[in-house]
1. Residue 91 label point, 7 Å along Cα→Cβ, cut-off 18 Å on backbone N: hits in segment 27-57?
2. Most fluctuating residue of 75, 15, 29 in a GNM of the chain with Cα springs under 10 Å: which is it?
3. Semi-axes of segment 1-42's equivalent ellipsoid from the Cα gyration tensor, sqrt of 5 times each eigenvalue, largest first, rounded to whole Å?
4. Rounded to the nearest 10 degrees, what's the angle between the helix 15-31 long axis and the longest principal axis of the chain, both from Cα atoms, 0 to 90?
5. How large is Rg over Rh for the chain, taking Rg from the Cα atoms and Rh as the Kirkwood inverse mean of 1/r across Cα pairs?
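Please treat every number below as a calculation from the coordinates, not as lab data. Quick caveat, the model's predicted, so the values are computed rather than measured. Using ideal geometry, Cβ is built from the backbone for each residue, glycine included, and neighbour counts are taken over all protein chains shown.
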């Protein structure tokens with residue numbers, strides 16, 4: 001996993017912070033085949049808040065995105081990780097439900113001949 005970092009109004013982060021971000025995103029990589037990750041980091045001048053946006057692109061062509069404002073990047077990535085996991089779970093459940101519905105529909109359309117022995 002090689003995430004791409006984009007910085008706005010901020011110096012590049014310390015290695016300790018980037019390691020923490022990559023550690024958190026590694027848990028997402030376990031449940032999704034990731035093609036690319038883009039991380040945008042910026043510093044908001046009002047209230048000394050930081051902004052973080054993470055976009056995850058899967059190999060199936062799906063895109064998941066989460067944004068957060070916070071006082072530290074550690075706080076932001078924790079919330080973003082949970083939001084991305086929730087989005088991925090929701091997407092997987094939706095795909096599974098659609099597959100099951102399609103299978104039920106086909107099963108209803110199939111008819112068994114009265115003369116068939118089962």
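1. 27-40, 53-57
2. Checking each option, the largest mean-square fluctuation is seen for 15.
3. 21, 12, 7
4. So the helix axis and the longest Cα principal axis differ by about 0 degrees.
5. A ratio of 1.27.
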